[in-house]
Structure formats: structure tokens, C-alpha cells
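Asks: My questions will all concern the structure given below.
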Amino acid sequence: MKKSQKRKDVLAVHHDDEIVFLGTGGARYVIATQLRATGGILFRAGGKNMIVDPGPGSLLRFLSYVPDVRPEKVDTLILSHKHIDHSADINVYLDVITRGGFRNKGMLIAPHDAFGEDGVVHSYLLDHLERVVMIEPGTEVPIGSCTVQFPLRHEHRVETYGFVLKCDEYSISYIADTKYFPDIDQAYAADILIMNLLRLEPSDIDHLSIPDCEQIITTVKPAVAIITHFGMTVLKTGPWNIARKLQASTDITVLAAEDGKHYPIRQLLEYRRQQELRTKK
Ligand SMILES: [Zn+2]
């Protein structure tokens with residue numbers, strides 16, 4: 001692809017398209033202290049508003065971090081899995097978007113075990129949704145002018161999936177909680193790569209560590225990688241220190257996500273050009 005072509009693609013991205021972190025914290029201690037918010041991620045893309053993994057306090061964070069969008073305007077809710085730091089506010093949003101059951105609106109996409117007796121979704125709220133999708137490996141769902149794909153099941157204690165959001169001008173991968181396994185690298189090829197990084201070193205715990213993320217970034221070669229979902233050990237080390245190290249070892253721009261920060265997609269894609277300039281030098 002010619003360079004002028006790439007430039008044009010970035011400009012073709014709608015200026016409203018953005019990623020907003022309603023929280024960058026994860027796990028027990030950070031939930032309890034709210035040292036980082038735990039509200040998940042808002043994706044504004046393809047003319048739609050999608051909330052992913054609304055953990056504890058998500059709606060409150062939404063109201064303060066995204067004052068220009070009313071929460072009733074959320075179209076799609078996605079749960080990667082049912083753990084509480086990913087799902088605590090799911091019923092709150094279901095109630096908000098269906099106006100307490102007074103209008104049929106919205107879509108929920110979640111793993112099978114998020115529903116039913118041991119699930120986290122109140123069944124009485126589901127009747128008022130336009131669509132409910134239970135994720136299988138390979139599931140693809142159109143959302144506005146984009147498509148979300150769930151390539152494979154993760155290795156985590158409960159049923160867990162990440163996704164690739166494919167839009168006309170760009171793609172975004174979200175690698176939710178998982179133990180590292182080699183198929184991940186290929187499955188999540190995208191321009192923007194978001195990873196839940198909870199561990200410093202590889203261990204038996206079902207979470208990505210710093211070396212795992214390094215491996216994934218090196219294979220995927222995105223325009224930019226963003227780490228998020230920090231537990232206490234990562235916070236003590238400093239997410240930005242980790243991001244800097246990852247950037248040095250992979251030569252790809254790596255950002256440590258910040259609570260409430262809006263990341264315009266156009267700006268994120270521009271990191272590819274900066275990267276090209278760096279290698280030219
Ligand atoms: Zn989990």
C-alpha cells in the first residue's frame with residue numbers, strides 16, 4: 001500500500017470514533033480500593049456505542065467520563081466473561097438501555113455461562129433486548145457498519161472470549177483475561193491491540209504477563225498496543241514503566257491506558273506513520 005493511501009484511510013475514519021476507558025483496573029484489591037476505576041471500555045465505532053466488560057461502577061464512570069453521550073444511547077453490551085470485574089454493572093446497563101423494560105432496544109453478546117442459574121445476567125431483562133447472542137468460537141456479529149468476531153475461547157477459569165472489531169478503515173483487537181497460548185498471536189491481528197495485563201511474570205494464574213504481551217505485540221505488529229486491566233502488582237511497578245519497556249523491546253508504540261481518557265481512533269492509527277518515520281532514521 002502506498003503511503004498516501006494510508007494517510008487517506010486514516011482521514012476517512014469518522015472523527016467521532018474513539019475508545020474510552022471507563023476503567024483500567026482489575027482484580028480484587030483494585031476493585032475494593034478503586035485505585036483505578038473498573039468500568040470496562042466504551043467503543044464508539046461504525047455509528048454505534050458499545051460497552052465492553054462493565055465492571056463495578058461502570059455506569060457512574062460513564063456519566064462522568066463521557067458527558068456528551070447519554071447511557072441510553074448505548075446499543076451493544078459485550079461481556080468477555082462473567083467475572084465480577086467484567087460484569088458487575090451489566091444488569092444496570094440492560095435496565096438503562098431498555099428504559100426499565102419500556103422499550104425494546106439493544107444487543108447483548110456474552111458467553112453461555114453468563115446466562116442461567118449460575119450466570120450474571122438477570123433473565124427478566126433479556127426479553128426487552130432486540131438481540132441476544134451467546135458466543136461460540138468463531139461467532140461474528142454485525143454492529144453498525146462494523147463486525148465483531150470472537151476467534152477463540154480463552155484459557156481462563158470461566159468461559160471467556162476476546163474479539164476483533166473490524167470496521168471499514170481499521171480493526172481493533174481486545175484480548176480479555178486469558179492464560180497465554182500460541183494461537184492468540186494469529187487470532188488477534190489488528191491495527192489497534194488492547195490487552196488485559198495483570199501479571200509481571202508468567203505463572204500458573206490464568207492471566208497475561210509482560211513477556212506474553214511482548215510476544216503478542218511482536219507477532220501482531222499493530223499500529224499501537226494498549227495495556228489495561230491492571231492489578232495491584234502492575235500498579236506498583238507502574239503501568240507506564242511497563243509500557244515503555246514493551247515499546248523498547250518491540251519497537252511498536254505501547255500505551256498504558258488511563259481512566260476516563262478518550263483515545264480517538266484517528267490518532268491511534270497515526271502511530272503507524274510515526275513508527276515508519278522512526279525506522280527510516
Ligand atoms: Zn477473569
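Asks: Kindly indicate the residue of the range 154-170 that is more than 17 Å from TYR263 (Cβ to Cβ) and away from the ligand (no atom under 15 Å from the Cβ) and also surrounded by the most Cβ atoms within 10 Å (Cβ to Cβ) among those meeting that condition. Step through it out loud before you land on a result.
Replies: Taking the range 154-170 as the starting set, the residues that turn out to be more than 17 Å from TYR263 (Cβ to Cβ) are 154-164, 166, 168.
The next check asks that each one be away from the ligand (no atom under 15 Å from the Cβ); those that pass are 163-164, 166, 168.
Numbers: PHE163: 29, VAL164: 20, LYS166: 19, ASP168: 13.
Among those residues, the one meeting the criterion is PHE163.
Asks: Only one residue in ILE216, ILE205 is part of a helix (DSSP H, G or I) and either open to solvent by 60 Å² or more (accessible area, probe 1.4 Å) or over 28 Å from ASP68 (Cα atoms) (or both). Which one?
Replies: Details: ILE205 fails: part of a helix (DSSP H, G or I).
Answer to the selection: ILE216.
Asks: Hey, another quick one. Just checking, which of ASP177, ASP185, ASP204 is within 15 Å of the ligand (Cβ to nearest atom) and at pLDDT below 95?
Replies: Numbers: ASP177 fails: at pLDDT below 95; ASP185 fails: within 15 Å of the ligand (Cβ to nearest atom).
One residue alone meets the criteria, ASP204.
Asks: Scan the range 61-80 for residues that are touching a residue at least 60 places away in the same chain (Cβ under 8 Å) and either assigned to a helix (DSSP H, G or I) or among the hydroxyl-bearing types (Ser, Thr, Tyr) (or both) and report the count.
Replies: Residues meeting the conditions: 5.
Rundown of residues vs (1) more than 27 Å from VAL13 (Cα to Cα); (2) β-branched (Val, Ile, Thr); (3) in a loop (DSSP other than H, G, I, E, B); (4) within 16 Å of the ligand (Cβ to nearest atom), yes/no style:
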position: ASP113; (1), (2), (3), (4): yes, no, no, yes
position: VAL120; (1), (2), (3), (4): yes, yes, yes, yes
position: GLN149; (1), (2), (3), (4): no, no, no, no
position: ILE172; (1), (2), (3), (4): no, yes, no, no
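Asks: Being more than 16 Å from the ligand (Cβ to nearest atom), under 19 Å from the mean Cα position of the chain (by Cα) and not polar (S, T, N, Q) is the filter here; which residues of the range 64-91 pass it?
Replies: Scanning the range 64-91 gives TYR65, VAL66, VAL69, PRO71, LYS73, VAL74, ASP75, LEU77.
Asks: State all residues of the range 127-137 that are surrounded by fewer than 22 Cβ atoms within 10 Å (Cβ to Cβ) and either within 20 Å of VAL224 (Cα to Cα) or within 16 Å of the ligand (Cβ to nearest atom) (or both); if no residue qualifies, say none.
Replies: Let us first name the residues in the range 127-137 that are surrounded by fewer than 22 Cβ atoms within 10 Å (Cβ to Cβ), namely 127-134, 136-137.
Result: no residue meets the conditions.
Asks: Just checking, how many residues over the range 138-147 are surrounded by 12 or more Cβ atoms within 10 Å (Cβ to Cβ) and assigned to a loop (DSSP other than H, G, I, E, B)?
Replies: Total meeting the criteria: 2.
Asks: Mind listing just one residue for me: the one in the range 49-72 that is under 21 Å from ASP17 (Cβ atoms) and hydroxyl-bearing (Ser, Thr, Tyr) and, of those, most open to solvent (accessible area, probe 1.4 Å)?
Replies: TYR65
Asks: Considering every residue within the range 102-111, establish whether at least one is within 16 Å of the ligand (Cβ to nearest atom), in contact with a His (Cβ under 8 Å, 6 or more places away or on another chain) and farther than 17 Å from GLU258 by Cβ. Write out each step before concluding.
Replies: The initial filter retains those residues of the range 102-111 that are within 16 Å of the ligand (Cβ to nearest atom), namely 110-111.
Filter once more, keeping what is in contact with a His (Cβ under 8 Å, 6 or more places away or on another chain): 111.
In the following step, the residues that additionally are farther than 17 Å from GLU258 by Cβ were identified as 111.
Yes, some residue in the range 102-111 is within 16 Å of the ligand (Cβ to nearest atom), in contact with a His (Cβ under 8 Å, 6 or more places away or on another chain) and farther than 17 Å from GLU258 by Cβ.
Asks: Still on this model: Can you name the condition, by its number, that GLN274 falls short on among (1) closer than 30 Å to LEU11 by Cβ; (2) touching a helix residue (DSSP H, G or I) at 6+ places or on another chain (Cβ under 9 Å)?
Replies: Only one criterion in (1) closer than 30 Å to LEU11 by Cβ; (2) touching a helix residue (DSSP H, G or I) at 6+ places or on another chain (Cβ under 9 Å) is unmet by GLN274, namely (2).
Asks: Let me ask something else. State all residues of the range 222-257 that are surrounded by fewer than 16 Cβ atoms within 10 Å (Cβ to Cβ) and of a type outside the set (Gly, Ala, Ser); if no residue qualifies, say none. Quick ask: steps written out before the conclusion?
Replies: Filtering the range 222-257 down to residues surrounded by fewer than 16 Cβ atoms within 10 Å (Cβ to Cβ) leaves 233, 236-238, 240-241, 244-245, 248-249, 251.
Result: THR233, LYS236, THR237, TRP240, ASN241, ARG244, LYS245, ASP251.
Asks: With the condition kept exactly as written, say whether any residue in the range 32-42 is assigned to a helix (DSSP H, G or I), touching a Pro at 6+ places or on another chain (Cβ under 8 Å), open to solvent by less than 40 Å² (accessible area, probe 1.4 Å) and within 16 Å of the ligand (Cβ to nearest atom). Can you show your working first?
Replies: We begin by selecting, within the range 32-42, every residue assigned to a helix (DSSP H, G or I); these are 32-33.
Cutting the leftovers down to touching a Pro at 6+ places or on another chain (Cβ under 8 Å) gives us none.
Scanning the range 32-42, I find no residue that is assigned to a helix (DSSP H, G or I), touching a Pro at 6+ places or on another chain (Cβ under 8 Å), open to solvent by less than 40 Å² (accessible area, probe 1.4 Å) and within 16 Å of the ligand (Cβ to nearest atom), so the answer is no.
Asks: Now a separate question. Return yes when HIS15 is within 14 Å of the ligand (Cβ to nearest atom) and out of contact with any strand residue (DSSP E or B) (no Cβ under 6 Å at 6 or more places or on another chain) and no when it is not.
Replies: On the way: within 14 Å of the ligand (Cβ to nearest atom): no; out of contact with any strand residue (DSSP E or B) (no Cβ under 6 Å at 6 or more places or on another chain): yes.
So HIS15 does not fit the description; no.
The values are calculated or read from the model by the stated rules, or taken from the named source; none is laboratory data. The model shown is predicted, which means the values in this text are computed figures rather than measured ones. Every residue, glycine as well, gets a Cβ built from its backbone with ideal geometry; the counts of neighbours run over all protein chains shown. What goes into the accessible areas is simple: the full protein's heavy atoms, side chains included, and nothing from ligands, DNA or RNA. Shrake-Rupley method; radii C 1.70, N 1.55, O 1.52, S 1.80 Å.
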